Amino acid sequence: MKECKRINNDLVAFLYGELQDERQEFISSHLKECSSCQRKMERLRKVQKGADSLNEDIKTAMASVDWNALPAQITDTVFGKEVQEPKESWVVNISRILFQPKLRPVYAALLIGVFLGALLTYVFVRSPFQRKTTADLISYPPDFIEKVELEMARRETLDYLKKSQYLILDFVQTSAEKEPSSWQRKFASQKVKDLLSKKKYINQQLNKFKMAKAKEICNQIEFLFYELAQMNDEIPAWRLQEIHNFIEEKQLLLKIKLLEKELKQSEKSEV
Amino acid sequence: MPRRTVEENRDVCALLERIKKDDREAFQELVSLYQKRIFLLAFSFFRNREDAMDIVQETFMRLYQKIHTFREGQNFQSWIFQVAKNLCIDHYRKNRSKRKEWASDQNIEEMNFSSQDRDDSHQAVDLKMIFSRCLEKLAEKQRTVFVLKHYNQLKYREIAQVLNISPGTVKSLHFKAVQNLRGLISPYLGRVQ
């Protein structure tokens, strides 16, 4: 049995005459005695017969070719192609380097990167879904700013009137009792200059909100302050009297009080 | 190496030297020498004349392009068979889907094997078709070895050179190929005598 197993491995090589003469003869004599190996050999011969069945096709195909003409034909094709092969231009060579299959993933990645970049830019910068700023989150009624400005103008005017009132009262009292030099210093001081410059600022506000009455009083106060700021030691008594008369005639202090009251009331009513 | 092969190889080397200098006649002579062997190899692979002719032409074109890679002392027949075999495998892989379609159109199981009504010529056609399909079902290396051995009648040693494997491996692949073919065709052998 062991012998048969070893022979079995060599049966195909035996069938095709690939074994050395000695081994070939040994298997040949074994086959005469062993019916089991004979059966196996028979089955292998059938395979060989099956393979031989294609031989006829091979013969027919071989007969159909003009073997005398074929070499010349192939030679013409090979040499013809070699001669005709045109030299490639540098453009073709460069494009071949640029578009070689190895670089395709790189181009694809670049393309995807550009696309994603464009998409993200659109989403975060241009789109209606962009993140809202703090200013966008707070919404104002349309007349809100105007109201705030009016209120600020009113307060500025009230502040101006109050400070002016104190200074005028100061002038009325001190000019009668003390030497001119003492109150002149006061009126040439920074306070008056501040009030004059403040008047320039509130002028715009008064014009804007059409506060004509307040503007008229403020103009009279401004005129008075200009006069007082320009005074010197040698001011004649009649000039001083004129200024006093001006304050009394125009009833400046009273008008200031009334205007203050009016402004405060309008503030309350609006609130 | 047998004496005849050595002499043939020496002649071929002389031809190759001339071909390197663009000698058309030498090339034509070389084609005459090997055209039938290449055709036989390709035809056994595809069992189709047109495919085989394409392979013959393609092999000699490739030979001309790669002639400088052939080293002196190498077996030329093994070298050119290697080129042809590679082309056959490439061609086979490219057209595998077409072959599958064709094979599915004519299934072995659907063939009419009523042997009593059929004469000898019909039975021969049946056996040819069955064997053809069975050969198709073999693994690529087994099929190549079988074709080179059975139809091209190369020795194991020569096949080993073509396939770049050892003669022992060739023997083993050939054994497996025949065994597998036996297993594949045995169900039909009873029907086709």
Do any residues in segment A:44-62 that are more than 7 Å from every other protein chain (Cβ to nearest Cβ) have Cβ atoms under 7 Å from those of residues that are part of a helix (DSSP H, G or I) and exposed (fewer than 13 other Cβ atoms within 10 Å of the Cβ), where the two are at least six apart or on different chains, and which pairs are they?
none
Is it true that residue A:19 is more than 24 Å from residue A:7 (Cα to Cα), over 58 Å from the mean Cα position of the chain (by Cα) and either loosely packed, with under 12 Cβ neighbours inside 10 Å or within 14 Å of chain B (Cβ to nearest Cβ) (or both)?
no
So if I check each of A:80, A:113, which one is surrounded by 10 or more Cβ atoms within 10 Å (Cβ to Cβ), at pLDDT below 90 and over 19 Å from residue B:41 (Cα atoms)?
A:80
Out of everything in segment B:126-141 that is out of contact with any helix residue (DSSP H, G or I) (no Cβ under 7 Å at 6 or more places or on another chain) and of a type in the set (A, V, I, L, M, F, W, C), what residue ends up being surrounded by the most Cβ atoms within 10 Å (Cβ to Cβ)?
B:129
What's the number of the only condition in (1) in contact (Cβ under 8 Å) with a residue 12 or more places away in the chain; (2) in a helix (DSSP H, G or I) that residue B:152 fails to meet?
(2)
In segment B:143-160, residues that are buried (at least 20 other Cβ atoms within 10 Å of the Cβ) and closer than 19 Å to residue B:87 by Cβ total 9
Out of curiosity, is residue A:161 assigned to a helix (DSSP H, G or I), modelled with pLDDT under 80 and surrounded by 15 or more Cβ atoms within 10 Å (Cβ to Cβ)?
no
How many residues are without any contact (Cβ under 8 Å) to a residue 12 or more places away in the chain and more than 8 Å from chain A (Cβ to nearest Cβ) if we restrict to segment B:27-63?
2
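The values are calculated or read from the model by the stated rules, or taken from the named source; none is laboratory data. Not measured: the values here are computed from a predicted model. In this analysis, Cβ positions are derived from the backbone assuming ideal geometry, glycine residues included, and neighbour counts consider all displayed protein chains.
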